[in-house]
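J.: Below is one structure. I have some questions about it.
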Amino acid sequence: MNVFLLHPDREWSTANSYYDWSSMTKDLGLNAIFKAAGMDSILRSSRAVYTEKEDPYLEQTMRRVMRTPLKSAEEVNYRQAIMKDCFRKQAFIANLYQISGEVLEKWEKLGRKSSTAGERDTKAKLITDLKVFQLLVEGMFRVQALFTENEDGLTAPGLVSLNERIQEELNEDRTAYLESLLKDLSFYVDVSGDAGRQNVYTLRFPRIRVDCGLKDGLKIGDLRLETFNTVVKPYSKPYGLGAKLRGTISSLAPGVISLYKDQAMQDDAAELEYQAVSYVYSYCSALTASYGSFFDQLHFQSAFYLGAVNIREQMQRFKIDYCFPQVDRQGILQYTDLKEMVMSMDRGGKVVGNSGGLDGKQLVIITGANQGGKSTFLRSIGIAQVCLQCGLIVSANSFRSGIHTSLFTHFTRREDSAMNSGRLDEELRRMDQIVSNLGEDSLVLLNESFATTTEKDGSAIAYGIVKALKEEGVRIFTVTHLLSFAQKMYEESKSDEKVCFLCAEHKDDGKRTYRMIPHAPEQTSFGLELFEEVLGKRS
C-alpha cells in the first residue's frame with residue numbers, strides 16, 4: 001500500500017535537500033514557521049479551536065519536508081490541491097493523523113523497536129506478531145471508514161487516488177477474509193476472553209483439523225492443515241460447576257480424547273496449535289509489513305498537512321493574508337503585498353508588504369536607508385520561495401516565481417565563540433562553500449555580505465564575487481551598504497536589462513515606508529538621521 005500524498009508517484013525521501021539547510025533556517029528565521037506548524041490548533045472533532053498545545057512531531061515533520069524542494073509545477077500543484085482539501089476538511093486530516101499515530105504508538109508498546117534476535121520464547125513472539133497484525137488490520141479498517149465518511153468532500157487527485165487504493169485493498173471480499181482470519185486466530189491471542197456488559201464472558205476454543213499419513217512404526221507424517229477456526233462461546237461463569245460439567249460430558253463423547261489429566265497430550269496439543277497458527281500467520285506476515293509501512297508513511301505525510309493547517313490557523317488568528325503561490329518559468333518573479341511571514345506572526349500581522357515584478361532580473365541590488373526594511377524584504381523573498389517549493393502557502397495576496405532547487409543564503413553573522421577565525425574569514429569560507437555547490441538555476445540571497453571589513457575592501461570583494469556569479473548565470477539578490485560596490489555596479493549596468501536596483505523608500509521628512517522601490521543607489525544610508533532620532537528619544 002502506497003500513500004503518495006507528498007508526491008504523485010513516490011513516497012517521501014530526503015534526496016535532493018537544500019545544501020546548507022541550517023544556514024537557511026537561521027538566516028530566514030524558519031524556526032518560527034516550524035513552531036507554528038507544531039501548535040496543534042485542531043480538536044479531534046468537526047470544529048477548529050486554537051489551543052496552546054504543542055506537538056513536536058508536527059514541528060519536526062515540517063522541518064524535514066521544507067528542506068527538500070519540489071522540482072516541478074506539477075508536483076507543487078499536486079501538493080497544493082491536497083492542502084486545499086485539508087483546509088476545507090480540517091477534522092479529516094486531524095483524525096487521519098490521530099489514527100495513524102495511535103496505531104504506531106500501540107505498535108511501539110508491543111515492542112516494535114526492541115530486538116527479537118535470538119528470541120527463545122518463540123510462542124510469545126508469535127502472540128506479539130498476531131497482536132500487531134490485528135492492530136494494523138483494525139487500523140486499516142478505521143482509515144477506510146474515515147475516507148468513506150469524507151469521500152464526498154475530497155477533490156484532490158492525491159486524496160481521491162489514495163481513497164481508491166484503500167477501498168480496493170479492503171474490498172468486500174478482502175474485508176470478510178480479514179475479519180474471519182482475525183476471528184480464527186483470536187483463540188491464540190486471547191484465550192481467557194474479556195468481560196461483557198452484563199458480566200458475560202466469551203471463551204474462544206480452537207478447532208483445528210489436520211490430514212496426515214502414517215509412516216513405519218505408526219508414526220504420523222505428511223501433515224496437512226484442513227480446517228482452522230475459533231469457536232466463540234459465551235459463559236456467565238466460565239470456571240463454574242456448569243462449565244466443568246459441560247467439559248466432562250463432552251469428553252465422554254465418541255471419538256473424543258480428553259486432555260484434562262494428560263500433561264503429555266496437553267503439550268502435544270499446544271505444539272500442534274503453535275505449528276498451525278505459525279503456518280497460518282506465515283501467509284499474513286507480508287500484509288503486516290505492507291500495512292506497517294503504510295502507517296509509517298501515512299503518519300508522516302498527514303503530519304505535514306496538519307502542520308500546514310496549523311500554520312494557516314496562526315495566520316488567520318493574526319489576520320495575515322495568504323495565497324497559494326504559482327509556479328512559473330525561470331526568471332519570473334511577481335508579488336503583491338508580499339510580507340515577511342515570520343515577522344508577521346511575531347507582530348500580529350502589523351507588517352508592511354511589498355508589491356512588484358522582477359521578471360527577467362538576474363541581479364537585484366537593494367540599497368537605502370538603515371532600518372528601512374531591506375533585510376526584511378530579502379527574507380520575505382527567501383521564505384516565500386522556500387514555501388512555494390514545498391507546497392505551502394505564502395504571506396502575500398499573490399506570488400509567482402520559477403523554481404530554484406539550488407537556493408543559498410549568505411547573511412552577515414555576529415561574531416561568537418563558535419567562530420574559529422575572524423568574521424571576514426568566516427564569510428569567505430561560507431561563500432566558498434556556496435560557490436562549490438552551485439547547481440542549475442541557482443538563487444543566492446546576500447544580506448550585508450562582506451560589511452565586516454573596510455568599505456573599500458568589502459566593495460572590492462563583493463564586486464568580484466557578484467560579477468563572477470552573474471557571469472555564471474546565477475540569480476542574485478543582495479542587500480548592501482557598500483556604496484562603492486553598488487555605485488560601480490550601477491554605472492556598469494545602466495544598459496543591462498537583467499540588472500535591477502531597488503531602494504528602501506525614504507521620504508523627505510525622514511519617514512521610512514519600509515517599501516522597496518526602483519531607484520539608483522544613494523550616496524548615504526541616512527545613518528545620521530537614525531542616530532539623531534535615537535538621541536532625541538533618549539533626551
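Laboratory data are not the source of any read-out in this text; all were calculated from the coordinates shown. Computed from a prediction, not measured in an experiment: that's the story for all the values here. Don't worry about glycine lacking a Cβ; one is built from the backbone with ideal geometry, like all the others, and counts go over all protein chains shown.
J.: Using 0.36 nm per residue of separation minus the Cα-Cα distance, give me the extension gain between residue 498 and residue 283 in nm, one decimal.
T.: Values: separation 215, 0.36 × 215 = 77.40 nm, distance 6.43 nm.
The span from residue 498 to residue 283 would gain 71.0 nm if fully extended.
J.: Still on this model: Within the set of other residues whose C-beta is less than 14 Å from the C-beta of residue 22, count the net charge using Lys and Arg as +1 and Asp and Glu as -1.
T.: Values: positive: 26, 63, 64, 67, 413, 430; negative: 20, 27.
The answer is +4.
J.: When ranked by the protection proxy of mean other Cβ atoms within 10 Å per residue, highest first, what sequence do the peptides 32-39, 459-466, 382-389 form? Walk me through the intermediate numbers first.
T.: Details: 32-39: 22.0, 459-466: 19.5, 382-389: 24.4.
Put in order of decreasing packing, that is 382-389, 32-39, 459-466.
J.: FRET efficiency for residue 352 and residue 271, Cβ-Cβ distance as r, R0 = 60 Å, nearest 0.05? Before the final figure, lay out the partial values.
T.: Values: r = 78 Å, r/R0 = 1.30.
Given R0 = 60 Å and the Cβ-Cβ separation, E is 0.15.
J.: Sort 365, 332 so that the residue with the fewest other Cβ atoms within 10 Å of its own Cβ comes first and the one with the most comes last. Walk me through the numbers before you get to the answer.
T.: Details: 365 24, 332 16.
Ordered from fewest to most neighbouring Cβ atoms within 10 Å, 365, 332 come out as 332, 365.
J.: Would you mind checking which residues have amide H under 5 Å from residue 447's amide H? H placed 1.01 Å from N; only 5 or more apart, or other chain.
T.: Long-range HN contacts for residue 447: 410, 411, 412, 479.
J.: Still on this structure, I have one more. Quickly rank 390-400, 2-12 as a protection proxy: mean count of other C-beta atoms within 10 Å, highest first.
T.: Ranked by mean Cβ neighbours within 10 Å, highest first: 390-400, 2-12.
J.: So if each residue of separation counts as 0.36 nm, and I subtract the Cα-Cα distance between residue 73 and residue 438, what length gain in nm does that give? Show your work: numbers first, answer last.
T.: Numbers: separation 365, 0.36 × 365 = 131.40 nm, distance 2.17 nm.
Length gained between residue 73 and residue 438: 129.2 nm.
J.: Over 30 Å between Cα atoms, which of 84/109; 89/374; 339/470; 35/339 qualify?
T.: Values: 84/109 35 Å; 89/374 38 Å; 339/470 27 Å; 35/339 19 Å.
Distance filter (> 30 Å) returns 84/109; 89/374.
J.: Follow-up question, since we're still on this one. Residue 7 to residue 112: FRET efficiency via 1/(1 + (r/R0)^6), r the Cβ-Cβ distance, R0 25 Å, to the nearest 0.05? Walk me through the numbers before you get to the answer.
T.: Numbers: r = 26 Å, r/R0 = 1.04.
The calculated FRET efficiency here is 0.45.
J.: In nm, give the distance between the simple-model label positions of residue 138 and residue 15, each being 7 Å from the Cα along the Cα-to-Cβ direction.
T.: 3.8
J.: Here is a further query. Spelling out what I want: for every residue of segment 9-17, take phi, set θ = phi - 60°, compute 6.51 cos²θ - 1.76 cosθ + 1.60 (Karplus), and round to whole Hz; glycine and proline get x.
T.: Once rounded to whole Hz, the list reads 9, 6, 7, 6, 8, 8, 5, 6, 6.
J.: Would you mind listing how long segment 347-476 runs along its three principal axes, going by Cα atoms, in whole Å with the largest first?
T.: Here the Cα extents, ordered largest to smallest, are 42, 35, 28 Å.
J.: Now for a different question. Calculate, in nm to one decimal, what residue 167 and residue 511 gain on full extension: separation in residues at 0.36 nm each, minus their alpha carbon distance. Please list the in-between numbers first.
T.: Values: separation 344, 0.36 × 344 = 123.84 nm, distance 6.24 nm.
So the extension gain works out to 117.6 nm.
J.: For the pair residue 317 and residue 453, what calculated FRET efficiency results from E = 1/(1 + (r/R0)^6), where r is the Cβ-Cβ distance and R0 = 41 Å, to the nearest 0.05? Spell out each step's value before the answer.
T.: Working: r = 44 Å, r/R0 = 1.07.
In this case the efficiency is close to 0.40.
J.: I've got another one for you. Classify segment 321-538: rounded, prolate or oblate, from the alpha-carbon gyration tensor (a ≥ b ≥ c, eigenvalue square roots; a/c under 1.5 rounded; otherwise prolate if a/b is larger than b/c)? Intermediate values should be presented prior to the final figure.
T.: Values: a/c = 1.34, a/b = 1.05, b/c = 1.27.
The shape class here is rounded.
J.: Only four residue types carry charge here, +1 at the Cβ of Lys and Arg and -1 at the Cβ of Asp and Glu. Report the dipole size of segment 346-488 about the Cα centre in Debye, rounded to the nearest 20. Before the final figure, lay out each step's value.
T.: On the way: 16 positive and 15 negative charges, 96 e Å.
Roughly 460 debye for segment 346-488.
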